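Visitor: This is the structure I want to talk about, given as structure tokens.
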Amino acid sequence: MKEPVRTPVLIVEDHPLFRQGLRNTLEDAEDLQVVGEAEGVTGALEILRQSKVSVALVDLRLQNRSGLDLVEILRQDYPEVKALVLSAFDYPHYIHAAVEAGAVDYLLKDEPASRILSAIRCAARGKKRRLSPAVHEKLEEIEVEPLTAREGEIVALLADGQSLHEIASLLRISIRTVRNHLNNIYSKLDLHSQTELVAWAWRTGTCGP
């Protein structure tokens, strides 16, 4: 009897135990094959250069660089590889950024294995799949409060590589005022660090064209 064609899948996840569990789940399926594992973007790119990959499961938080960077690289340089984001975080801004970067689906790590397997199969066949009800609801439930003009200036300067002290000097305000504005921005956007804010700014065009 002829063996079924198995879809080659790449796992990009920096947590060893979760990565092993994911591999076991995928390899229990007769139609899927894990062709590589990576802890970060650099390792994933090495595998992509050496192996045929149809679907990449990508965590958002990886070693050194964001999983969103890899999703964008796949869209631009490996369009034949479908990116599925698999994350523990259901923040609306993360979901939106992943979809904008080119992910064909956004999965939560606590979703049933059947949902993850189904999403991989749909992606491999080129079928468009709606986000799961839980993710879609999370994406729609929060209406983002707009940034003030001053907050927008601070985001743009951060994205341009300026430090908080440099921003305070350029805007002629105290470093304490800059930090207060930054905390308000984090609260509005549901973000938690300057790194996340800068990534958000570039992906949404907030930092300029």
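The values are calculated or read from the model by the stated rules, or taken from the named source; none is laboratory data. Everything quoted here is computed from the prediction, not taken from an experiment. Cβ coordinates were reconstructed from backbone atoms using ideal geometry, including for glycine residues, and neighbour counts include every protein chain displayed. SASA here: full protein model, heavy atoms, side chains in, ligands and nucleic acids out. Shrake-Rupley method; radii C 1.70, N 1.55, O 1.52, S 1.80 Å.
Visitor: For the stretch 4-33, how many residues meet the condition of being β-branched (Val, Ile, Thr) and either touching a Cys at 6+ places or on another chain (Cβ under 8 Å) or surrounded by fewer than 19 Cβ atoms within 10 Å (Cβ to Cβ) (or both)?
Guide: Final tally of qualifying residues: 2.
Visitor: Just to be sure I understand, how many residues within the stretch 173-192 are outside any helix (DSSP H, G or I) and modelled with pLDDT under 90?
Guide: 3
Visitor: Follow-up. If a residue has to be modelled with pLDDT of 90 or more and over 18 Å from Gln33 (Cβ atoms) to count, how many in the stretch 113-126 make the cut?
Guide: The total comes to 1.
Visitor: Which residues, taken from the stretch 60-91, are farther than 20 Å from Gly126 by Cβ, open to solvent by less than 10 Å² (accessible area, probe 1.4 Å) and touching a residue at least 40 places away in the same chain (Cβ under 8 Å)?
Guide: Those that are farther than 20 Å from Gly126 by Cβ, open to solvent by less than 10 Å² (accessible area, probe 1.4 Å) and touching a residue at least 40 places away in the same chain (Cβ under 8 Å): Gly67, Leu70.
Visitor: If I go through the stretch 25-48 residue by residue, how many of them are without any contact (Cβ under 8 Å) to a residue 12 or more places away in the chain and more than 23 Å from the chain's Cα centre (by Cα)?
Guide: 2
Visitor: Then there's this: So Glu151 fits all but one of (1) part of a helix (DSSP H, G or I); (2) at pLDDT 90 or above; what number is the exception?
Guide: (2)
Visitor: For Asp105, state whether it is open to solvent by less than 10 Å² (accessible area, probe 1.4 Å) and charged (D, E, K, R).
Guide: Yes.
Visitor: Being touching a residue at least 12 places away in the same chain (Cβ under 8 Å), open to solvent by 30 Å² or more (accessible area, probe 1.4 Å) and under 15 Å from Tyr106 (Cβ atoms): is that true of Ser51 here?
Guide: It is false that Ser51 is touching a residue at least 12 places away in the same chain (Cβ under 8 Å), open to solvent by 30 Å² or more (accessible area, probe 1.4 Å) and under 15 Å from Tyr106 (Cβ atoms).
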